[in-house]
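Comments concern the structure below.
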Amino acid sequence: MSATIEIRGLCKAYGQQVAVDDLSFTVLPGQVTGFVGPNGAGKSTTMRIILGLDALDAGSALIDGRRYQTLRSPLCHVGALLDAAALHPGRRARDHLLWMAQYNGLPGRRVDEVLEQVGLTSVARRRAGTFSLGMRQRLGIAAALLGDPGVLLLDEPVNGLDPEGIQWIRGLLRSLAADGRAVLVSSHLMSELEGSADHLVVIGNGRLIADTSVSSLLAAASGGRVLIRTPELSQAITVLANAGATVATTDREAMTVSGLAAERIVAVLAEHGVRVSEVSTHRASLEEAYMELTRDAVEFGATAAKEA
């Protein structure tokens with residue numbers, strides 16, 4: 001079941017607008033790879049190229065060493081959700097999936113299995129045009145899972161889901177990766193991947209910004225900062241500054257300290273008789289880390305044309 005997506009030197013332009021610029025990364029089986037960046041960064045274009053929907057100008061996009069167009073029974077190799085609205089609104093949910101199954105030589109029982117997997121069994125005979133955005137997202141995910149593929153590409157799958165739905169899809173992504181699948185999930189909001197992504201590919205203006213594990217990104221973003229709470233804030237600031245630390249106040253009794261380990265901070269304050277009521281190591285959120293990485297890309301992207 002396991003497969004790998006390999007992107008090497010990918011380039012794509014629409015007229016004078018460069019959508020993807022010399023992009024390279026690998027999506028490995030057994031993990032969820034978050035594909036993140038601001039709106040217009042090139043995420044959707046890259047996914048369309050992987051699926052053979054857009055022609056590339058240079059480079060390669062391969063699934064287990066092959067282009068999508070050369071795969072036999074592609075639905076059994078790659079499942080994709082690019083646009084949840086891309087279905088006939090008058091077709092019933094089950095009939096939509098049954099047509100896909102028959103066209104790809106899959107048994108009808110597989111339709112009922114994926115409907116149950118995404119929680120749509122009770123509405124399987126409703127017309128898709130009556131579905132909410134969140135329900136259409138679930139139906140699109142069911143279609144992506146229909147062939148039991150080793151690779152999954154999901155473009156903004158959380159869009160339209162309520163909090164319960166967001167929790168559900170995080171669990172689903174984790175379970176799919178645990179089965180050995182390569183899962184690529186695009187988003188422009190890092191918080192959408194909280195608790196599900198193992199690895200991150202961050203792009204901006206079509207270029208690679210970071211290709212790293214979530215744990216490494218968080219460690220770098222946290223920067224060894226320590227939160228100190230004390231009723232003697234002014235004295236603590238002076239003592240720690242003299243010891244070589246960098247200090248920033250957060251409120252009247254709290255500050256963040258960098259440049260010294262937590263144990264050393266406590267020892268220095270104790271030597272000078274400064275009382276401390278709380279000591280905790282600051283851990284950056286994925287959202288904070290993402291915003292820091294993409295700051296320049298967002299600024300440039302504000303005046304750039306959006307990707308096709």
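The values are calculated or read from the model by the stated rules, or taken from the named source; none is laboratory data. Note that the structure is predicted; figures quoted are calculated from it, not measured. All Cβ positions, even for glycine, are placed from backbone atoms using ideal geometry, and neighbour counts span all protein chains on display.
With respect to SER132, is the statement that it is free of Cβ contacts under 8 Å to residues at least 24 places away in the same chain and surrounded by fewer than 21 Cβ atoms within 10 Å (Cβ to Cβ) true?
No.
Looking only at region 259-278, which residues are surrounded by 16 or more Cβ atoms within 10 Å (Cβ to Cβ) and not charged (D, E, K, R)?
Scanning region 259-278 gives GLY259, LEU260, ALA262, ILE265, VAL266, VAL268, LEU269, VAL274.
Which pairs turn up if I take residues in region 76-89 that are over 25 Å from PRO29 (Cα atoms) and outside the structural domain of SER132 (by TED's automatic domain parsing) and look for partners that are at pLDDT 95 or above and of a type in the set (S, T, N, Q) with beta carbon separation below 7 Å, at least 6 apart in sequence or on another chain?
Taking only residues 6 or more apart or on different chains, not a single pair turns up.
Residue check, GLU192 against (1) farther than 12 Å from PHE35 by Cα; (2) in a helix (DSSP H, G or I), all met but one. Which one?
The single condition GLU192 does not satisfy is (1).
Going by what's in this entry, would ASP64 be described as in contact with a Ser or Thr (Cβ under 8 Å, 6 or more places away or on another chain), among the acidic types (Asp, Glu) and in the same structural domain as GLY204 (by TED's automatic domain parsing)? Step through it out loud before you land on a result.
Working: in contact with a Ser or Thr (Cβ under 8 Å, 6 or more places away or on another chain): yes; among the acidic types (Asp, Glu): yes; in the same structural domain as GLY204 (by TED's automatic domain parsing): yes.
So ASP64 passes the test.
For residues that are under 16 Å from the mean Cα position of the chain (by Cα) and over 27 Å from ARG295 (Cα atoms), scanning just region 28-57, find the one that is surrounded by the fewest Cβ atoms within 10 Å (Cβ to Cβ).
Residue satisfying both the conditions and the ranking: GLY30.
Pull out all pairs, ordered by first then second residue, where Cβ-Cβ is under 9 Å, the residues are six or more apart or on different chains, the first lies in region 252-268 and is of a type in the set (Val, Ile, Thr), and the second is surrounded by fewer than 19 Cβ atoms within 10 Å (Cβ to Cβ) and part of a helix (DSSP H, G or I).
VAL268/ASN242
Scanning region 279-299 for residues that are surrounded by fewer than 16 Cβ atoms within 10 Å (Cβ to Cβ) and either among the hydroxyl-bearing types (Ser, Thr, Tyr) or modelled with pLDDT of 90 or more (or both), which turns out farthest from ALA210 (Cα to Cα)?
SER280
Filter region 182-233 for residues that are of a type in the set (Ser, Thr, Tyr) and under 30 Å from ALA248 (Cα atoms) and give the result.
Those that are of a type in the set (Ser, Thr, Tyr) and under 30 Å from ALA248 (Cα atoms): SER191, THR212, SER213, SER215, SER216, SER222, THR230.
List the pairs whose first member sits in region 39-51 and is under 19 Å from SER73 (Cα atoms), whose second member is assigned to a helix (DSSP H, G or I), and whose Cβ atoms are under 8 Å apart, counting only residues at least 6 apart or on separate chains?
ILE50/TYR68; LEU51/TYR68
Give the residue that is nearest to the chain's Cα centre (by Cα), with candidates limited to residues of region 174-213 that are buried (at least 21 other Cβ atoms within 10 Å of the Cβ) and of a type in the set (Val, Ile, Thr).
VAL185
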